[in-house]
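Derivation of every value follows stated rules applied to the coordinates shown; laboratory data play no part. Because the structure is a prediction, the values reported are computed rather than measured. Ideal geometry is used to build each Cβ from the backbone, glycine not excepted, and the neighbour counts take in all protein chains shown.
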Amino acid sequence: MFKGKSLRRRHLNLEIGGQIFNIFFPKADYSLYSGIKREWGQYITDSDERGCSVEVLPYSQDRPFSWDRAELDRFRKYFSMIHSRFPSDDRIDRAIEESIRLLQHLDPEEERSKLIRSLFEKPGSLLYVHTGSDLFFFDTESELAFFFIQKKALLFSILLGIINGVSSTQSVLMPGFINGMMFALSYMLIRNKGLLLHASAVQKGGRTVLFLGPSGAGKSTVTRLCEPDVCFSDDGTVVRKEDNHVYAYKSPFTQDRRKDRKPVQVRGEVEKIFLLKKGHDHVILPIEKSEIMHIMLMNLIHFYKYLDDQTAREGFYIVKEILDILPVYKLEFAREGEIWDNII
């Protein structure tokens, strides 16, 4: 893909939710590479299957570069085209200008930046998003992704001749890498009858259920109350429709960082979906599927609004197909007490 001595990289293959990602890191940024190996080791695969090729490129905002004004205007036009799917307001204008500002910290002469410039010449083929100071690009035709992640200078304190790292490259870059993986995975899943959801999926006694809800809805609390044998994820769950079944897959996107004590189970067949609502007791209530469909679409991860029109439509129909298969309920729950026997 890339040639030249300066572009030597470290490489990992990750399999998440049945999707293969070929991840390339610059050799100079060993800490991020080693951090991914340590934290996501169970997702590393020896498979030589070609999947989404991801270039991870830490950059520094301390080094702004000069871009040709006409080039930046071309990018601005492209970003405006992507945002044209939404009503125009000041937030969209600010998002466009922020993306242009972040772009100016990327070296226009660097080989990967040149490749991105060439991708902008094919309208409709490139998705992008920025979160904070990170930029993510995804070429839908070649399934090639670029994660430009801000690299902050290391901070150190010196006490009695001992240097203590206040922050590390790994801790600074990991959130950007995770956001980028969620962005790419969400797209790849939709193209393969799957979704990445703000949801918790747990299994107990061989039976699997899905708890749906935004941040703060109580997904982690319900997961704890279930005392599950397996927690596939308590925040970013991979769900896939296969034949006439729906499966939840093990996901690295979780708030509970404790390691599994039992052998990792990759997937479980989902039997029920519950929409969470905090209450004073454990109560199961009926819910219209039209209501939960809207909520599932709102809780798709990541950056659903940035998807091209065709992929967004595909995501809509996958949600519908999943709800045609599974029963759905509203679950009001208290913060304490046994809950599993009430829902199965």
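When the helix-only estimate is applied to the chain (DSSP H runs of n ≥ 4, each -39,500 (n - 2.57), divided by the residue count), what is the mean residue ellipticity at 222 nm, nearest 500 deg cm²/dmol?
Numbers: 9 runs with 109 residues, N = 344.
Mean residue ellipticity at 222 nm (helix-derived): -10000 deg cm²/dmol.
Can you tell me, using C-alpha contacts under 8 Å and at least 6 residues apart, the relative contact order of segment 194-343 as a whole percent?
This gives 29 percent for segment 194-343.
Where both partners of a DSSP beta bridge lie in the chain, what percent of those bridges are antiparallel, to the nearest 5?
70 percent
For the chain, what is the convex hull volume of its Cα atoms per residue in Å³?
Output value, Cα hull per residue: 178 Å³.
For segment 5-190, what ratio Rg/Rh do Cα atoms give with a Kirkwood hydrodynamic radius?
On the Cα set of segment 5-190, Rg over Rh gives 0.99.
Over what distance in Å are the Cα centres of segment 50-123 and segment 200-250 separated?
Cα centroid of segment 50-123 versus Cα centroid of segment 200-250: 36 Å apart.
Which of the helices in the chain, when you take each full DSSP H run, stretch at least 15 Å along the axis at their Cα atoms and have an average Kyte-Doolittle score of 1.0 or higher?
Qualifying helices: 169-190.
Based on DSSP loop calls and a cut-off of at most 16 other Cβ atoms within 10 Å, the longest stretch of the chain free of exposed trypsin sites (Lys or Arg not before Pro) is what?
Answer from the scan: 262-334.
Rounded to two decimals, what is the ratio between the C-alpha radius of gyration of segment 194-343 and 2.2 N^0.38 Å?
0.99
Which whole-number percentage describes the relative contact order of the chain, with Cα contacts under 8 Å and a sequence gap of 6 or more?
The value is 14 percent.
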